[in-house]
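S.K.: Just passing along the structure, written as C-alpha cells.
The values are calculated or read from the model by the stated rules, or taken from the named source; none is laboratory data. Since this is a predicted model, take the numbers as computed values, not measurements. Don't worry about glycine lacking a Cβ; one is built from the backbone with ideal geometry, like all the others, and counts go over all protein chains shown.
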Amino acid sequence: MRGEPLPLLSRVADSIYWMARYIERAENVARFIGVNLNLQIDLPLAPSQQWQPLIDTSGDAELFKEHFGGATTQAKVIEWLAYDTTNLSSIASCLRFARENARSVRETISSEMWAQVNSMYLTIQTQRSLPEPERMLDAFREIRMGCHLFEGVTDATMSHNEAWHFMRLGRMLERADKTSRILDVKYFMLLPSIRDVGTPYDDIHWSAVLKSVSGFEMYRKKYGRIAPADVVDFLVMDNEFPRAVRFCIKSASESLQAVTGTPIGAFRYRSEQLMGQLRAELDFTSVDTVLRNGLHEYLDRLQLKMNGIDEGLRDDFAVRTTPAVASQSQSQGSSTGPTA
Amino acid sequence: MRVDGYDTGGFYDEMFDEARQPRAEAQLLLDTISALGEGQLERCQQAAERILVQLGITFNVYGDSAGTERPFPFDLVPRIVTAREWDWIERGLKQRIHALNQFINDVYHDQKIIKDGIIPEEVVRSAAFYRPQCVGINPPKGVWCHITGSDLVRHSDGRIYVLEDNLRVPSGVSYMLENRDLMKRTFPQVFEGLRVRTVAEYPSLLLDTLESMAPAGVTTKPVVVLLTPGMYNSAYFEHSYLAQKMGIPLVEGRDLVVEDHAVWMRTTKGLRRVHVIYRRIDDDFLDPETFRKDSLLGVPGLVSAYRAGKVSLANAPGNGVADDKVMYAYVPEMIRYYEGEDPIIDNVPTFLCWRDTDRQHVLQNLETLVVKAANEAGGYGMLVGPHSTAAEREAFAAKITANPRNYIAQPTLGLSRVPTLVGNQLEGRHVDLRPYILYGDEIRVVPGGLTRVALRKGSLVVNSSQGGGSKDTWVLESEAGNAG
C-alpha cells in the first residue's frame with residue numbers, strides 16, 4: 001500500500017524557503033546592531049560614521065532618509081533596523097513575515113519550530129520600542145539566540161526531507177548574501193584609511209567586521225594576526241566557517257541536489273546550473289585574484305549571481321505548473337534545463 | 001478553593017444535583033478543586049491562556065481588523081459525562097447519522113421518502129443547501145456525511161436533545177484535542193483517580209475514514225489532502241492542525257488543478273494525482289464551474305472530477321440539504337422511516353412557521369420561544385424570546401410573516417450549566433456538547449467532544465463568534481472497563 005513519498009507543494013516550498021530566509025535575515029540584523037553597540041564603546045565615532053553603514057548595508061538608505069530625515073543617530077538607526085514596520089527588512093518585519101510563512105506551512109514543519117517562531121514574533125511585538133541602554137545588548141543577543149534556537153530545533157525535530165532542504169537553501173543563500181554585503185560596505189569604508197594600516201584602530205575595525213559575522217574567534221584560530229586579505233579570504237573563500245560565502249554556497253548546492261536528485265557534476269534545472277557555476281568559481285578562485293581585480297566588483301557580481309539563483313529557484317520549483325520532463329543524465333552544457 | 005457555596009441558580013447543573021450535592025461522577029474532581037490553595041486554579045487558568053497564545057492556538061475573527069487572531073477562551077473546569085450516558089449518546093448519534101445519510105442519498109436519487117408522503121417535496125426543494133447539481137451522484141460506499149458535529153443540549157428536564165446536526169463543514173474538533181492536552185499540561189492533578197477516556201485517536205480515525213473512501217480503482221495508498229480556504233479563514237488553525245496530525249498536505253484551491261477529469265496538485269516535481277479531498281470549503285465556493293462563479297477559493301472542474309468518480313470529497317457536496325432547520329424537524333420521521341426504530345435521542349420540539357397553525361402559535365408566543373432562520377449558523381439570525389425587547393420581537397414577527405419558510409421556533413431551552421471559573425470563584429455557565437461522528441467503513445464516535453460554554457453571565461449563546469469559550473469534555477470509563 002505504501003506509495004512514493006509525495007513531493008512538496010510548490011507553494012509550501014516557496015513559503016518554507018522564505019520563512020528560513022526571514023529568520024536568517026532577522027538574526028543578521030540583530031548581530032549587526034550588537035556588534036556596533038560594542039564597537040562604539042571601543043571606538044567612539046560620529047553617528048554618521050558609526051551607524052550609517054548599517055543602513056547602507058541593508059540597501060535602503062533612501063527610505064531611511066525619507067522616513068527620519070535629519071542627522072543619523074543611534075536611536076533612529078536602531079529603531080529603523082529593529083522595530084520599524086515600514087522597513088520591510090527590520091527585525092520586527094522579518095519575524096512577522098517569517099511567522100506568516102510558518103503559519104501557512106504549519107502542517108509541514110514541526111510544532112516545536114512553529115512555537116519558536118511564534119514566540120520570537122510575540123517577543124518583538126511586545127517589545128516594540130528601544131530597550132533601556134543597559135538592556136540593549138541583551139535584547140539583541142536574545143533575538144540572535146532565538147534564531148539559533150530555531151535552527152537547532154529545526155535540525156533536531158524535523159526530518160531532513162525535501163522541505164528541510166528548501167529551508168537550508170533559503171537560510172544559506174540569505175547568509176551568503178549578508179556576509180558579502182557587510183564585507184563590501186566595511187571594506188569600502190576601511191580601505192581609504194590606509195594610514196591606519198597596522199594601527200590598533202585598524203585592528204579593531206577589522207575585528208568588528210569579523211564579529212559582525214560571529215567569525216572573530218574562528219578567524220584567530222586559523223590566521224592569528226588580523227590582515228585585510230586574510231579577512232577577505234576567510235569570509236569569502238573559507239570552506240569550514242559556516243558564514244563564509246563558499247561554505248554557504250556549498251551547503252545550498254548540496255540541498256538543491258538533494259531536492260532534485262540530479263547526480264553531482266550535472267544539472268537539470270536553471271537554478272542548478274547557476275548554483276554549480278558559482279560553487280565552482282568559489283572553489284577555484286584565489287583571494288589574491290579577487291583583490292587584484294577589485295573586491296567591490298567581485299562582491300557585486302557575486303550578489304547578482306545569488307539573485308539569479310533565487311529567481312531560478314522560483315521558476316524551477318515555486319510556480320511550476322507542468323511536470324518536469326528532463327532526463328536524469330543530461331550533462332552540463334547541453335541545455336539549460338527544462339524550464340529555461 | 002471553596003465549592004460548597006456554589007449556586008446552581010435553579011438550573012440543571014452537570015456537577016450538582018437539585019439538592020446542591022455533588023453528583024457521584026463529579027465528587028472526585030470537586031474534592032481536588034476544594035483542596036486547591038488560594039488562587040491556584042486561577043494560576044492554572046492563566047498558565048493555560050499563556051500557552052494558547054504561545055502556541056498560536058487561535059481563531060480569526062471576521063469583521064475585526066484590529067486583532068484578527070484571538071485564542072478561543074478555555075475554561076479549566078471540565079464537563080463530565082458518565083459511561084452510561086455516553087453509551088446512550090453514542091448509540092443515538094449512530095442511529096441518527098445512519099438515517100440522515102440514507103435520507104440524503106434518497107433525496108438525490110429515488111426520493112422514496114417524498115413519494116411515500118413523509119416529507120413534502122417543496123420542503124426539500126426549498127432547502128437552502130439542496131443542490132440539484134448533486135442529483136444522481138454516487139459517492140463511494142454511498143456515504144455523504146463522513147464527518148458530522150452534532151450539537152447536543154441538556155434541558156432543565158435533565159434530558160439530552162439534538163439541537164443541530166451540522167452535516168456540512170463542522171469545526172471545533174481541534175479544540176477538543178487541544179483542550180485535553182492543555183488540561184494535562186496545566187492541571188494534571190485533576191485526572192488522579194479518574195479514568196477519562198482518551199480522544200487522541202481522532203486524527204487516526206479521521207485518516208482511516210478518508211482513506212476508506214478512495215475512488216474505485218485506486219490500488220496504492222490513496223493521496224489524501226485537506227483543502228482550506230486559506231490562512232485568513234476563521235478555522236485555519238484547525239485545518240493546519242488536522243493536516244499536521246494526519247500527516248497529509250494542506251492545500252488551497254490554487255494548489256489544485258483538474259485535468260482529464262482528475263485532480264492534481266502542483267508540486268516541486270510537477271503535478272501529482274489527488275484521490276481524496278477533505279474539503280473545509282462550503283459547497284458554494286468549491287467549484288466556480290458548478291456553484292458560485294465568483295469563487296476564487298475553489299477549483300474549476302472539481303465537481304466534474306467528483307461526478308466522474310476520479311476524486312472523493314468529504315463531506316459530499318449537497319449533504320447540507322439535511323442541515324436545513326425545517327428539515328431538522330423531520331429527522332425523527334426519517335429515523336422511523338429508514339431505520340424502523342424510534343429515535344434514541346429526541347429532537348427539540350420545533351414549530352415550522354410555514355404551517356399556518358404553527359406560525360400563529362409562534363407569533364403569539366414570541367417572548368417564550370427561540371426563533372431561528374432556517375439556514376443561518378453561528379448564532380446569527382436568531383431571536384431569544386425571553387431576552388428580547390418588544391422592538392426586536394416586532395421586527396422578527398415581520399420577517400416571519402414575510403418569509404415563513406425561512407423560520408422555525410423552539411421552546412427556550414434551559415441549557416444545563418457547568419461550574420466555570422469567573423474571577424476567583426466558580427459560577428454556573430450554560431453549555432452544549434458537540435461530539436464528532438465519523439462515517440467511513442463504519443460509524444464511529446470519539447468518546448468526548450467540544451463542550452462550548454457561554455461565558456457571559458446568563459447567556460445561552462455558546463458560539464465562539466459571540467462570547468463563547470470551551471471546556472474539556474471527560475467521558476468516564478465504565479466501572480467494568482470500557483465496553484465499547
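S.K.: Quick one: B:Leu415 ticks every box in (1) in a loop (DSSP other than H, G, I, E, B); (2) farther than 27 Å from B:Thr350 by Cβ bar one, so which box is it?
M.R.: Of everything listed in (1) in a loop (DSSP other than H, G, I, E, B); (2) farther than 27 Å from B:Thr350 by Cβ, B:Leu415 misses just condition (2).
S.K.: Select from the stretch B:53-90 the residues that are assigned to a helix (DSSP H, G or I) and either modelled with pLDDT under 90 or basic (Lys, Arg) (or both) and list them in ascending order.
M.R.: Residues satisfying the conditions are B:Val53, B:Gln54, B:Arg84.
S.K.: Additional query: For the stretch B:339-355, indicate whether the set of residues that are under 30 Å from B:His275 (Cα atoms) and either surrounded by 18 or more Cβ atoms within 10 Å (Cβ to Cβ) or in contact (Cβ under 8 Å) with a residue 24 or more places away in the chain (or both) is non-empty.
M.R.: So far as the stretch B:339-355 goes, no, none of its residues is under 30 Å from B:His275 (Cα atoms) and either surrounded by 18 or more Cβ atoms within 10 Å (Cβ to Cβ) or in contact (Cβ under 8 Å) with a residue 24 or more places away in the chain (or both).
S.K.: Tell me which helices (runs of 4 or more DSSP H) are completely within the stretch A:65-171 and hold 2 or more residues being under 19 Å from the mean Cα position of the chain (by Cα), of a type outside the set (S, T, N, Q) and in the same structural domain as A:Gln49 (by TED's automatic domain parsing), or say none if there are none.
M.R.: A:91-104, A:111-127, A:133-157
S.K.: Please determine, by comparing only the residues of the stretch A:103-125 that are of a type in the set (Ser, Thr, Tyr) and within 16 Å of A:Ser93 (Cβ to Cβ), which one is nearest to the other protein chains (Cβ to nearest Cβ).
M.R.: A:Tyr121
S.K.: Return the residue satisfying two criteria in turn: it lies in the stretch B:241-276 and is farther than 30 Å from A:Tyr269 by Cβ and outside any loop (DSSP other than H, G, I, E, B), and of such residues it is farthest from the chain's Cα centre (by Cα).
M.R.: Filtering the stretch B:241-276 down to residues farther than 30 Å from A:Tyr269 by Cβ leaves B:241-242, B:245-246, B:261, B:276.
Applying the additional criterion that residues be outside any loop (DSSP other than H, G, I, E, B) yields B:241-242, B:245-246, B:276.
Values: B:Tyr241: 17, B:Leu242: 16, B:Lys245: 20, B:Met246: 20, B:Val276: 22 Å.
Taking the candidates together, the pick is B:Val276.
S.K.: Pull up the stretch A:1-40, narrow it to residues that are assigned to a loop (DSSP other than H, G, I, E, B) and over 16 Å from A:Glu107 (Cβ atoms), then point me to the one that is farthest from the other protein chains (Cβ to nearest Cβ).
M.R.: A:Glu4
S.K.: What about B:Ile80, is it within 27 Å of B:Arg185 (Cβ to Cβ) and touching a helix residue (DSSP H, G or I) at 6+ places or on another chain (Cβ under 7 Å)? Step through it out loud before you land on a result.
M.R.: Numbers: within 27 Å of B:Arg185 (Cβ to Cβ): yes; touching a helix residue (DSSP H, G or I) at 6+ places or on another chain (Cβ under 7 Å): yes.
Answer is yes for this residue.
S.K.: Answer yes or no as to whether A:Glu62 is crowded, with 24+ Cβ neighbours inside 10 Å, of a type in the set (Asp, Glu) and more than 14 Å from chain B (Cβ to nearest Cβ).
M.R.: no
S.K.: To continue, here is another question. Output yes when any residue across the stretch A:38-47 is within 22 Å of the chain's Cα centre (by Cα), surrounded by fewer than 21 Cβ atoms within 10 Å (Cβ to Cβ) and farther than 30 Å from B:Asp208 by Cα, and no when none is.
M.R.: Looking through the stretch A:38-47, at least one residue is within 22 Å of the chain's Cα centre (by Cα), surrounded by fewer than 21 Cβ atoms within 10 Å (Cβ to Cβ) and farther than 30 Å from B:Asp208 by Cα.
S.K.: Can you tell me which residue among A:Ala326, A:Ala318 is within 21 Å of the chain's Cα centre (by Cα), under 29 Å from A:Pro5 (Cβ atoms) and at pLDDT below 95? Step through it out loud before you land on a result.
M.R.: Values: A:Ala326 fails: within 21 Å of the chain's Cα centre (by Cα).
When all the criteria are applied, what remains is A:Ala318.
S.K.: Has the stretch A:329-338 got any residue that is within 14 Å of chain B (Cβ to nearest Cβ), under 23 Å from A:Leu9 (Cβ atoms) and modelled with pLDDT under 90?
M.R.: Narrowing the stretch A:329-338 to residues within 14 Å of chain B (Cβ to nearest Cβ): A:337-338.
Subsequent filtering for residues that are under 23 Å from A:Leu9 (Cβ atoms) retains A:337-338.
Add one more test, that the residue is modelled with pLDDT under 90, and what stays is A:337-338.
There is at least one residue in the stretch A:329-338 that is within 14 Å of chain B (Cβ to nearest Cβ), under 23 Å from A:Leu9 (Cβ atoms) and modelled with pLDDT under 90.
S.K.: Looking only at the stretch B:212-240, filter to residues that are assigned to a helix (DSSP H, G or I) and either touching a Phe, Trp or Tyr at 6+ places or on another chain (Cβ under 7 Å) or more than 9 Å from chain A (Cβ to nearest Cβ) (or both); which one of those is modelled with the lowest pLDDT?
M.R.: The selected residue is B:Phe237.
S.K.: Name the helices (runs of 4 or more DSSP H) wholly within the stretch B:293-389 that hold at least 3 residues that are among the polar types (S, T, N, Q)?
M.R.: Output list reads B:356-364.
S.K.: Here is a further query. Consider only pairs whose beta carbons are under 6 Å apart and that are at least six residues apart or on different chains; among these, list those whose first residue lies in the stretch A:127-152 and is buried (at least 18 other Cβ atoms within 10 Å of the Cβ) and whose second residue is not aliphatic (A, V, I, L, M).
M.R.: Pairs that qualify, where the first residue is buried (at least 18 other Cβ atoms within 10 Å of the Cβ) and the partner is not aliphatic (A, V, I, L, M), are A:Ala139/A:Pro131; A:Phe140/A:Gly34; A:Arg144/A:Glu27; A:Arg144/A:Arg31; A:Cys147/A:Glu27; A:Phe150/A:Gln116.
S.K.: Separate question: Within the stretch A:206-227, restricting attention to residues that are free of Cβ contacts under 8 Å to residues at least 12 places away in the same chain and assigned to a helix (DSSP H, G or I), which residue is surrounded by the most Cβ atoms within 10 Å (Cβ to Cβ)?
M.R.: The qualifying residue surrounded by the most Cβ atoms within 10 Å (Cβ to Cβ) is A:Phe216.
S.K.: Also, I was wondering about something else. Could you go through the stretch B:292-314 and let me know if any residue there is modelled with pLDDT of 95 or more and among the acidic types (Asp, Glu).
M.R.: No, the stretch B:292-314 has no match at all.
S.K.: Okay, next question. Could you check how many residues of the stretch B:110-125 are free of Cβ contacts under 8 Å to residues at least 40 places away in the same chain and over 15 Å from B:Tyr338 (Cα atoms)? So that I can check it myself, show each step before the final result.
M.R.: Restricting attention to the stretch B:110-125, the residues satisfying the condition of being free of Cβ contacts under 8 Å to residues at least 40 places away in the same chain are B:110-112, B:114-115, B:117, B:120-122, B:125.
Those left that are additionally over 15 Å from B:Tyr338 (Cα atoms): B:120-122, B:125.
Of the residues in the stretch B:110-125, 4 are free of Cβ contacts under 8 Å to residues at least 40 places away in the same chain and over 15 Å from B:Tyr338 (Cα atoms).
S.K.: Considering each of B:Asp324, B:Asp260, B:Asp283 in turn, give the residue that is more than 12 Å from chain A (Cβ to nearest Cβ) and surrounded by fewer than 22 Cβ atoms within 10 Å (Cβ to Cβ).
M.R.: One residue alone meets the criteria, B:Asp260.
Every residue, every condition in (1) touching a Ser or Thr at 6+ places or on another chain (Cβ under 6 Å); (2) assigned to a loop (DSSP other than H, G, I, E, B); (3) free of Cβ contacts under 8 Å to residues at least 40 places away in the same chain, yes or no:
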| residue | (1), (2), (3) |
| --- | --- |
| B:Gln133 | yes, no, no |
| B:Asn138 | no, yes, no |
| B:Leu167 | yes, yes, no |
| B:Ala200 | no, yes, yes |
| B:Leu207 | no, no, no |
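S.K.: Another question, if that's okay. Looking at the stretch A:263-299, which of its residues are assigned to a loop (DSSP other than H, G, I, E, B) and either buried (at least 21 other Cβ atoms within 10 Å of the Cβ) or not hydroxyl-bearing (Ser, Thr, Tyr) (or both)?
M.R.: Within the stretch A:263-299, A:Pro263, A:Ile264, A:Gly265, A:Phe267, A:Arg268, A:Tyr269, A:Phe284, A:Gly294 qualify.
S.K.: Looking at the stretch B:417-452, which of its residues are farther than 21 Å from B:Asp157 by Cβ and of a type in the set (Ser, Thr, Tyr)?
M.R.: B:Thr420, B:Tyr436, B:Tyr439
S.K.: Is it the case that B:Gly481 is surrounded by fewer than 20 Cβ atoms within 10 Å (Cβ to Cβ), modelled with pLDDT under 95 and either not in a loop (DSSP other than H, G, I, E, B) or not assigned by TED's automatic domain parsing to the domain that holds B:Ile97 (or both)?
M.R.: When the stated conditions are applied, B:Gly481 passes them.
S.K.: Taking the stretch B:217-245 as the region of interest, how many residues are surrounded by fewer than 19 Cβ atoms within 10 Å (Cβ to Cβ) and within 16 Å of A:Thr108 (Cβ to Cβ)?
M.R.: Looking only at that region, the number is 3.
S.K.: Scan the stretch B:187-198 residue by residue and report those that are in contact (Cβ under 8 Å) with a residue 12 or more places away in the chain and either within 13 Å of chain A (Cβ to nearest Cβ) or assigned to a helix (DSSP H, G or I) (or both).
M.R.: B:Gln189, B:Val190
S.K.: Also: Do we find that A:Thr86 is in contact with a Ser or Thr (Cβ under 9 Å, 6 or more places away or on another chain), among the polar types (S, T, N, Q), away from chain B (no Cβ under 14 Å) and surrounded by fewer than 18 Cβ atoms within 10 Å (Cβ to Cβ) in this structure?
M.R.: Working: in contact with a Ser or Thr (Cβ under 9 Å, 6 or more places away or on another chain): yes; among the polar types (S, T, N, Q): yes; away from chain B (no Cβ under 14 Å): yes; surrounded by fewer than 18 Cβ atoms within 10 Å (Cβ to Cβ): yes.
It is true that A:Thr86 is in contact with a Ser or Thr (Cβ under 9 Å, 6 or more places away or on another chain), among the polar types (S, T, N, Q), away from chain B (no Cβ under 14 Å) and surrounded by fewer than 18 Cβ atoms within 10 Å (Cβ to Cβ).
S.K.: If I ask for residues that are surrounded by fewer than 21 Cβ atoms within 10 Å (Cβ to Cβ), more than 24 Å from B:Asp441 (Cβ to Cβ) and of a type in the set (A, V, I, L, M, F, W, C), which ones from the stretch B:125-151 would you list?
M.R.: B:Ala128, B:Phe129, B:Val135, listed by residue number.
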